[in-house]
Every structure is written in structure tokens, then in C-alpha cells.
Amino acid sequence: MTRVSGVDPTDPWQLSGAEQEGRRQVVEYTRFLVEQVPGYERAFLIASAPRIGVRESRRLIGEYVLGKEDVLSARQFEDSIARCGAPIEDHAAGQRTIWQYVGSGDQRPTGRTYGVPYRCLLPRGVDGLLVAGRCLSATHDAHASVRSIGQCMAMGQAAGTAAALVVSAGCRPRDANIVQLREQLAADGALIGPD
Ligand SMILES: Cc1cc2nc3c(=O)[nH]c(=O)nc-3n(C[C@H](O)[C@H](O)[C@H](O)COP(=O)(O)OP(=O)(O)OC[C@H]3O[C@@H](n4cnc5c(N)ncnc54)[C@H](O)[C@@H]3O)c2cc1C
């Protein structure tokens with residue numbers, strides 16, 4: 001129910017303010033439920049989250065930047081290491097949430113998925129580093145789809161598998177053997193596409 005938007009989470013003052021606002025909303029929603037919604041008359045607040053959750057903050061610019069068109073066209077990539085069927089879920093516009101589904105851009109699910117390229121985990125201009133999860137290389141719109149928990153876990157598996165392979169091969173992450181990486185992920189049960 002709660003929502004705090006328009007905050008720069010890299011600014012500690014704004015982040016603290018957002019946390020205060022979130023707690024204020026929790027108290028207000030509790031009051032509203034108790035006073036207005038039948039069945040909640042004897043409800044009371046036990047706890048709230050220790051920290052406010054942040055959907056989006058810093059992320060790297062990688063060898064590929066996943067974009068809105070990739071999501072909406074259900075694009076597949078030769079170096080896909082994960083797949084995603086989650087819609088673009090954009091919470092940026094005030095109190096509204098806008099959903100745009102993979103493969104159509106409409107508000108209805110299509111059942112299609114797009115691929116998450118390995119290159120989104122590879123920082124431009126930095127060697128020996130892979131990222132996974134929320135800090136991958138993606139635009140604001142694509143990020144609003146690909147940051148989902150299942151995909152963050154899949155990226156973590158891919159980054160870990162890639163790290164093991166490149167250490168064994170004695171090469172840099174950007175020189176990983178993509179065919180071998182995808183074969184290993186598939187052998188381990190990862191769902192990597194195609195659609
Ligand atoms: C309010 C909210 C609702 C959401 N709802 C959904 C949903 O319904 N479904 C869904 O799929 N996704 C949802 N998401 C998105 C999803 O939860 C996140 O994108 C995803 O969990 C991010 O995973 P991550 O591993 O990249 O990052 P995190 O889960 O943020 O993990 C990063 C970890 O690194 C730790 N860390 C940070 N700095 C350091 C450091 N210096 N040293 C050591 N550790 C450190 C942090 O403590 C944290 O445990 C939601 C997000 C928010 C904020």
C-alpha cells in the first residue's frame with residue numbers, strides 16, 4: 001500500500017526522509033484500516049520494515065544496455081543467460097503504476113519472454129568484474145521489468161557460473177566462451193530461452 005516516489009536514494013538525506021515518510025504512511029494506513037474497514041477493528045501494528053526498499057538506484061553501463069524495445073519485442077540474444085517474462089512495471093508516475101507486457105506493450109500478459117544478454121553483466125571499460133541483479137546494465141524502462149526477483153537470481157547464477165568458467169580458462173569475463181556458458185547453465189537447469 002505504501003509508496004514514496006521522486007526520491008534520489010543515493011542521497012542519504014533524501015533516503016532518510018523517504019524512510020520517515022514510509023513509516024508515516026504505515027501508521028496512517030493502520031489507522032485507516034482499523035477505523036474504516038470491517039474486520040480490522042482489533043488490528044494493531046506489530047512492526048514495519050527495518051529499511052525502506054529501493055527499486056532503482058545506481059547501475060552500471062555495460063557492454064549492452066537492455067532497452068524498452070528489447071522487452072516489448074520479446075527480443076532474443078545469442079548470449080542470453082536468463083529469460084524474463086515480467087512486464088515493465090513503472091512506479092515512477094506519482095501514484096500510478098503502468099504495466100506493459102513483454103511481446104506486446106499492452107496491459108495483458110502474452111506469455112512471451114525476452115533474453116537477458118551476458119553483456120548486461122559486463123561493465124564497459126572494466127575488467128575482472130561481473131554484476132548481477134538490480135545493478136545490471138539497462139534503461140529505466142527495461143529495468144522496471146528485468147529487476148524482478150527470479151531474474152536477479154538467474155543473473156546471479158549466470159555470473160557465478162561465468163566466473164568459474166573464466167577462472168578455469170584463465171581468461172577475462174569479457175572473453176568468456178558464451179556457448180560453453182549457456183551449455184553449463186542449461187545443464188544446471190537454468191531457463192535461458194529461446195522464447
Ligand atoms: C518495494 C519493492 C517491491 C518489490 N516487489 C517485487 C515483486 O513483487 N516481485 C519481484 O519479482 N520483484 C520485486 N521487487 C524487485 C526486487 O525485489 C529487486 O529488484 C531484487 O530483489 C533485487 O535483487 P538484488 O540481488 O539485485 O539486490 P538486493 O536484493 O538489494 O541485494 C543486495 C544485497 O547486497 C547487500 N549489500 C549492499 N551493500 C553491501 C556491501 N557494501 N557489502 C555487503 N553487502 C552489501 C544488501 O544488504 C542486500 O542484501 C520489489 C522491490 C521493491 C523495492
Notebook entry, point to check: In whole Hz, what ³J(HN,Hα) sequence does the stretch 136-149 give by Karplus (6.51, -1.76, 1.60; θ = phi - 60°), x for Gly and Pro?
Noted result: 5, 8, 7, 6, 3, 5, 5, 4, 5, 9, 7, 7, 4, 4
Check: Which residues' amide hydrogens lie under 5 Å from the amide hydrogen of A138, considering only partners 5 or more residues apart or on another chain, with H built in the peptide plane?
Finding: L66
Item checked: D_trans [Stokes-Einstein, Kirkwood Rh over alpha-carbon pairs] for the chain, 10 °C, 1.306 mPa s, µm² s⁻¹ -> 85 µm²/s
Check: What is the set of long-range amide H partners of A82 at a cut-off below 5 Å, with H atoms built 1.01 Å from backbone N?
Finding: V116
Checklist line | Positive-end residue of P9, Y64, A164, charge dipole of the chain with Cβ unit charges | finding: P9
Check: Using the Karplus equation 6.51 cos²θ - 1.76 cosθ + 1.60 (θ = phi - 60°), what ³J(HN,Hα) coupling, rounded to whole Hz, does each residue of the stretch 155-166 give in order, writing x for Gly and Pro?
Finding: 5, x, 5, 5, 5, x, 5, 4, 4, 4, 5, 6
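No value in this document is a laboratory result; all are computed from the given coordinates. Quick caveat, the model's predicted, so the values are computed rather than measured. Heads up, the Cβs are rebuilt from the backbone with ideal geometry, glycines too, and the neighbour counts pull from every protein chain shown.
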